[in-house]
1. Shape verdict for region 132-221, please, from the Cα gyration tensor: rounded (a/c under 1.5), prolate (a/b greater than b/c) or oblate.
2. Which percent of the accessible heavy-atom area of region 108-245 goes to carbon and sulfur, probe 1.4 angstrom?
3. Arrange the peptides 228-241, 167-180 so that the one whose residues have, on average, the most other Cβ atoms within 10 Å appears first.
4. Using the structure shown, select from LYS204/LYS240; LYS170/LYS259; LYS171/LYS204; LYS171/LYS240; LYS217/LYS241 the pairs with a Cα to Cα distance greater than 22 angstrom.
5. At 1.4 Å probe size, with every protein chain present, just tell me what the per residue accessible area of region 162-279 comes to in Å².
6. Could I get the Rg over Rh figure for region 180-237? Both from C-alpha atoms, Rh via Kirkwood, rounded to two places.
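The values are calculated or read from the model by the stated rules, or taken from the named source; none is laboratory data. Keep in mind it's a predicted model, so treat the numbers as computed, not measured. In this analysis, Cβ positions are derived from the backbone assuming ideal geometry, glycine residues included, and neighbour counts consider all displayed protein chains. For the accessible areas, the whole protein counts, side chains as well, though only heavy atoms, and no ligand, DNA or RNA atoms are used. Shrake-Rupley method; radii C 1.70, N 1.55, O 1.52, S 1.80 Å.
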Amino acid sequence: MFRHFYNTIKTKRFQSKTPRSGRITTSTTSKQTQNRNRNYLALGSAAVIAIGSAIYYKKYKNNTLFSNPGLADDSHTHHHVSMKNTMLGMGAEVMQNFAPVNSIHMYLNGLHCYAHDINRQVIAHHYCSHLSDDIQQCVIYDSNKSDARLIGIEYVISEKLFKDLPEEEKKMWHSHSFEVASGLLVAPRIPTSVENVVMQDLAKTYGKTIHLWQVDKGHEIPLGHPQLMMALTDDSQVDKKLLEMRNKELGINPDKLRKERTKLHYFEVDPAVDGITKGTRQWFELKSSGGSNTGQKR
């Protein structure tokens, strides 16, 4: 695009009308025309640089909506992206198809705990899309900034689908009922009436969550085994300091939110889920083809 813009200016012919004869003459070599070409090129280049810089700054540098207090040290975890890769990404964004990402239509925020350690809790920023009325899929980040790290995934299914799962499978899922009722789970910046509709639907669902990046340990890259995550089911389990920081950053009034959530309807949770809150610790292990365990459990 820029080359075409440059060539258009470089080869442009400027026409002028001579008062005496009324004839149209074309000049491509005069000093005046060359100077005019240079001026147009300089202005055009300056405009392109200014627009590109503005987009870069707005999209990649000036996004400070949320710094995750659940990180071990948030100050050193976000990496610099070169101008080259930024511009390549901007070009690809114009020309390529991002349909799966573009189908994301909901931002949810909550706290996750590790299925083997209820005291390890992190703030989880969910960006979700519906595959059907019974299935949602979410990508989970450590913040809601443009340089957020993808730390996990969550699948959310309806009670109708969940009740037919094998009992062993159910153990890897968690309920959302308490998260909704307590205000741990929120949909930031949408009207309360709309959020209540969203939360009413979520209150009757189950989630299966895997984290791949243990940001609470300060890891600069994803290390270790995939981590099964769970939801909290009682106020006594919640990291109060972490929750208060989350609420402050997102402008959430917890007392007002809890009062709103009493208007919703809840249901009996399947006893097979939420194992960590009942003292059952779970984690993934890797095994070789011979069946022996490899690596650390967590």
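1. Numbers: a/c = 2.15, a/b = 1.19, b/c = 1.81.
Taking the square roots of the gyration eigenvalues as a ≥ b ≥ c, region 132-221 is oblate.
2. After summing per-atom areas, the C and S share lands at 57 percent.
3. So the order, starting with the most tightly packed, is 167-180, 228-241.
4. LYS204/LYS240; LYS170/LYS259; LYS171/LYS240
5. Dividing the accessible area of region 162-279 by its residue count gives 50 Å².
6. 1.07
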